[in-house]
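The values are calculated or read from the model by the stated rules, or taken from the named source; none is laboratory data. Small disclaimer: the values here were computed from a predicted structure and weren't measured. A quick note on method: Cβ atoms are made from the backbone with ideal geometry, for glycine too, and the neighbour counts reach across all protein chains shown. Heavy atoms of the whole protein, side chains included, go into the accessibility calculation; ligands, DNA and RNA do not. Shrake-Rupley method; radii C 1.70, N 1.55, O 1.52, S 1.80 Å.
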Amino acid sequence: AGIFTAGFAGRRPPVPVAAERLELAGLAAMRPRARAYVGGGAGMERTMAANRAAFDRVHILPRMLRNAARRDLSVELFGRRHALPFLLAPIGVLDMAHRGADLAAARAAAAEGAGFVASSQSCFPMEAIAQAAAAGPRWFQLYWSSRDALTESFLRRAEAAGYEAVVVTLDTTQLGWRPQDLDGAYLPFLRGRGIANYLSDTVFRDLPFEDANPGERAPIGPGAVASVAEMLRAWPGGPLRGLLSLPEAVRAVRRFIALYSRPDLSWEDLPFLRRCTRLPILLKGVLHPEDAARAAAVGMDGLIVSNHGGRQVDGAVGALDALPGVVAAVGNRMPVLFDSGIRGGADIVKALALGARAVLLGRPYVYGLALDGEAGVRAVIRHLAAELDLTLGLAGCPSIAALGPDTLWREPF
Ligand code: FNR
C-alpha cells in the first residue's frame, strides 16, 4: 500500500517500479564500463533473450474464491526459515555500481528479509560482508581455485564468519565471450577490483603460489594497477588500507588471475569440497538433468539452475526452460533453486510453480544500488516482494507451498 500512497503524495521514487525502467535508469546511472559489464551478456546475447522468452511462454492460471487474503511468503532452506523466497545473487566487483556496494546490499537484504549470497569476487572481505548481513540468511559463493590451499582457506573463513551455506559456481571456469566488455577493453580494470578475499590470503597469509606454477605470467595492464590502487585508497577503514604498496598490489592481481579458477574441475573433485566444510553445498549453473541426477547421487545438498544471466554460453538454453527437467531428475532429494531472468514478482511465482524452492535476484538489485545505494536495493526488494504477494493473492494462493504445476498454463508447442 505504501507504494501507491507515495505516488499520491506526488513524490517520485528514485527507483522505478517497472522492470524495464529500472534497467534503463540503473544502466544510465553507471559509468560506461560498469554499464557494459553489468548489462552485457555472452556473444550476441541470445541466451539473455532466451531467459526472458522462457518466462513469456509460461502463464499463470489464477483461481477464484480460495480465500487468499493472508499470504505466507516464507520458505525453509537447510533448516532455516527465510521470510522471502528470494536471495540476492552473488555479484562480483559490485563496487563499480556503488561505493561500498557489497556491504550496502548485504544490509539491505537483511533488513528486508531476503537472503544474501556473497561473491568470491567481492570488493570487501567476506568477513565484513557477513557482518553486514548478520541479521539475515547469508551464504558464500565459491569460485573453486586452482590451488586447494586457497579453496580450503575460503571455506574455513566462510564457516568462521558465520555463512550458512556454500554455493559453488560451476559455469564460470573461464570467463565467457563478452563482446561489450571486450570492446570496452576494460577486463584488466575489473580484475583489480574483485580481489578483496584473495588479497587477505595470498598476500597476508602468503599461501603457496609462485612455486606451484613457475612461468605462469598473466599480463597486467595499467588499468588493473590503477583500479587496485584506487580500491586500496577507498577501502573505508578496511584491513588492507595503507598496507599494500603498488608493486605488492600488482603482484596480488597477478596471483589472483592465476588462482581464481580451475578449468579442469570434474566430478571426482567434489569429495574434496565435502571434506573441507560441514556447510550445505549447492552447485550453481546446473542445466542438464543428468548433471542434476549425478549431483544428487553424490550427496550434494542443493542445486541452482542458472546460466549466469546469459553471460557464459551464448545460445545456451533459457534457464526457466531447463528448470522442469532438473526438478524432475532430482525429485525431492534436495532443493532446486533458480536464477537468470527474474525481473518481477510474477516471474518468481512462475519459477516456484515449476518447482524451484527459492530464486536468486541478479541484475535488478545492481540497478537499485546504482540508483540509490542501500535504499535502492531495499526498494527493489520491496517492489518484488509486494508484486509477488499481490500476484499470489490474485491467483488464489495463500502460500508458496500452494504453488505447483496446476498454477500454470503453458502454450502448446
Ligand atoms: C554475476 N553472476 C555471478 N555469479 C557468481 O556465482 N559469482 C559472481 O561473482 C558473479 N558475478 C556476476 C556479476 C554480474 C555483473 C552479473 C550480472 C552476474 C551471476 C549471478 O549470480 C546470477 O546468476 C545472474 O545475475 C542471474 O541473471 P540475471 O537475473 O541477472 O539476468
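Laid out as a table, the results:
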read-out: Pair list, Cβ < 9 Å and 6+ apart or interchain, from region 358-371 residues that are within 17 Å of Gly113 (Cβ to Cβ) and in contact (Cβ under 8 Å) with a residue 24 or more places away in the chain to residues that are within 7 Å of the ligand (Cβ to nearest atom) and acidic (Asp, Glu); value: Val359/Asp339; Leu360/Asp339; Leu361/Asp339
read-out: Positions within region 155-173 being assigned to a loop (DSSP other than H, G, I, E, B), open to solvent by less than 50 Å² (accessible area, probe 1.4 Å) and of a type in the set (A, V, I, L, M), in sequence order; value: Ala165
read-out: Residue identified as open to solvent by 50 Å² or more (accessible area, probe 1.4 Å) and in contact with a Lys or Arg (Cβ under 9 Å, 6 or more places away or on another chain) among Arg410, Arg363; value: Arg410
read-out: Strands (runs of 3 or more DSSP E) enclosed by region 48-131 - at least 2 residues per element that are open to solvent by less than 30 Å² (accessible area, probe 1.4 Å), small (Gly, Ala, Ser) and within 16 Å of the ligand (Cβ to nearest atom); value: 115-118
read-out: Complete set of residues in region 148-194 that are modelled with pLDDT under 90 and among the small types (Gly, Ala, Ser); value: Ala149, Gly184, Ala185, Gly192, Gly194
read-out: So Phe204, is it open to solvent by less than 30 Å² (accessible area, probe 1.4 Å) and either out of contact with any strand residue (DSSP E or B) (no Cβ under 8 Å at 6 or more places or on another chain) or at pLDDT 80 or above (or both); value: no
read-out: Residue match in region 254-262 (condition: at pLDDT 95 or above, over 21 Å from the mean Cα position of the chain (by Cα), farther than 20 Å from Pro90 by Cα and open to solvent by 30 Å² or more (accessible area, probe 1.4 Å)); value: no
read-out: Filtered residues of region 22-47 (kept if within 11 Å of the ligand (Cβ to nearest atom) and either farther than 25 Å from Leu371 by Cα or among the small types (Gly, Ala, Ser) (or both)); value: Ala34, Ala36, Gly39, Gly40, Gly41, Thr47
read-out: Candidate set: region 322-341, residues that are more than 16 Å from the ligand (Cβ to nearest atom) and in a loop (DSSP other than H, G, I, E, B); chosen: the one surrounded by the fewest Cβ atoms within 10 Å (Cβ to Cβ); value: Asn332
read-out: Search result, residues across region 366-379 that are buried (at least 23 other Cβ atoms within 10 Å of the Cβ) and either within 9 Å of the ligand (Cβ to nearest atom) or on the phi > 0 side of the Ramachandran plot (or both); value: Val366
read-out: Considering residues of region 288-317 that are open to solvent by less than 30 Å² (accessible area, probe 1.4 Å) and over 24 Å from Leu182 (Cα atoms) only, the residue farthest from the ligand (Cβ to nearest atom); value: Ala296
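Let's see how each residue does on (1) open to solvent by 30 Å² or more (accessible area, probe 1.4 Å); (2) in a helix (DSSP H, G or I):
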| site | (1), (2) |
| --- | --- |
| Arg343 | yes, no |
| Gly355 | yes, no |
| Ile381 | no, yes |
| Leu390 | yes, yes |
